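Report on one structure; see the data block that follows.
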Amino acid sequence: MKKTAFTLKPTKQSKGFTLIEVIVVVIIISLVFSVLSFALYSSIKNSIETSKSAEDLKQKTLFFWDTQRKFYTSNYIYLKDNLLTLYNTAGNNQGLVKSTFFLKDGFLWYYEFPFVYGDPSFYDEKNAVKLFKVKDIKMYAVKDNQQFFEFQGLPDYLVIEIDGIRMVLR
């Protein structure tokens with residue numbers, strides 16, 4: 001029996017890849033890339049939404065904490081049409097200050113005046129600070145177990161509900 005050497009000689013059929021093979025590889029690579037890009041896009045979108053939610057919750061928490069501090073040191077409260085004015089000693093200025101929270105264009109705003117004189121419903125919009133966006137707000141005072149949406153004086157407690165989050169100030 002005669003042994004022959006096995007050699008591959010290039011022929012016309014074995015020169016390269018066929019068009020079908022190239023198209024199949026391109027399709028597979030594009031499918032992998034599209035799945036990965038969708039996963040990346042989804043994770044970026046979710047992280048942005050989480051960041052916005054966390055920032056909104058932080059702003060509301062700071063508002064509630066600051067309002068509690070101002071309510072605790074108040075000696076007079078004026079409440080009317082989602083306008084809350086507290087005469088207190090817990091403001092950013094020293095001494096007795098007028099702190100006003102009001103709703104405008106879907107945002108809650110804060111204005112502080114270092115003197116307590118004048119109309120309690122007055123506030124300077126140019127010097128007010130925008131706090132955060134509000135979808136739904138409800139504020140009322142409770143005195144002798146009765147709710148008042150308009151109130152002047154010192155209530156037993158104050159209830160503020162913002163976007164389903166309820167805070168009771170005593």
The answer for region 78-170, accessible area per residue at 1.4 Å probe in Å², is 56
Ignoring ligands and nucleic acids, S43 exposes an accessible area, probe 1.4 Å, in Å² to the nearest 10, of 60
Once phi for every residue in region 35-43 is put through the Karplus expression 6.51 cos²θ - 1.76 cosθ + 1.60 (θ = phi - 60°), the whole-Hz ³J(HN,Hα) values, with Gly and Pro written as x, are 5, 5, 5, 5, 5, 5, 4, 4, 5
Ordering V168, V159, V35 by the accessible surface of their heavy atoms, 1.4 Å probe, largest first, yields V35, V168, V159
Carbon and sulfur atoms account, in whole percent of the 1.4 Å probe accessible area of the chain, for 60
Rounded to the nearest 10 Å², the accessible area of M167 using a 1.4 Å probe with every protein chain kept is 20
Going residue by residue through region 118-135, the Karplus relation 6.51 cos²θ - 1.76 cosθ + 1.60 with θ = phi - 60° gives ³J(HN,Hα) values, rounded to whole Hz and with x marking Gly or Pro, of x, 5, x, 8, 7, 8, 9, 5, 5, 9, 7, 10, 6, 8, 6, 6, 10, 8
Those GluC sites (Glu not before Pro) from region 71-170 that are DSSP loop and have at most 16 other Cβ neighbours within 10 Å turn out to be E150
Too long for a 23 Å Cα-Cα cut-off, among K58/K133; K45/K126; K58/K138; K52/K126; K60/K143, are K45/K126; K52/K126; K60/K143
Under a Gaussian network model of the chain whose springs join Cα atoms within less than 10 Å, the largest fluctuation of V24, V97, V142 belongs to V24
For K104, K60, K45, the accessible-area ranking with a 1.4 Å probe, largest leading, is K45, K104, K60
For the chain, the percent of all C-alpha pairs falling in each 5 Å bin, from 0 up to the bin holding the max distance, is 1, 7, 12, 14, 12, 8, 5, 3, 4, 3, 3, 3, 3, 3, 3, 3, 2, 2, 2, 2, 1, 1, 1, 0, 0
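The values are calculated or read from the model by the stated rules, or taken from the named source; none is laboratory data. Quick caveat: nothing in here was measured; it's all calculated off a predicted structure. Note: ideal-geometry Cβ built from the backbone for every residue, glycine included; neighbour counts use all protein chains shown. Ligands, DNA and RNA are excluded from the accessible area calculation, which covers all protein heavy atoms including side chains. Shrake-Rupley method; radii C 1.70, N 1.55, O 1.52, S 1.80 Å.
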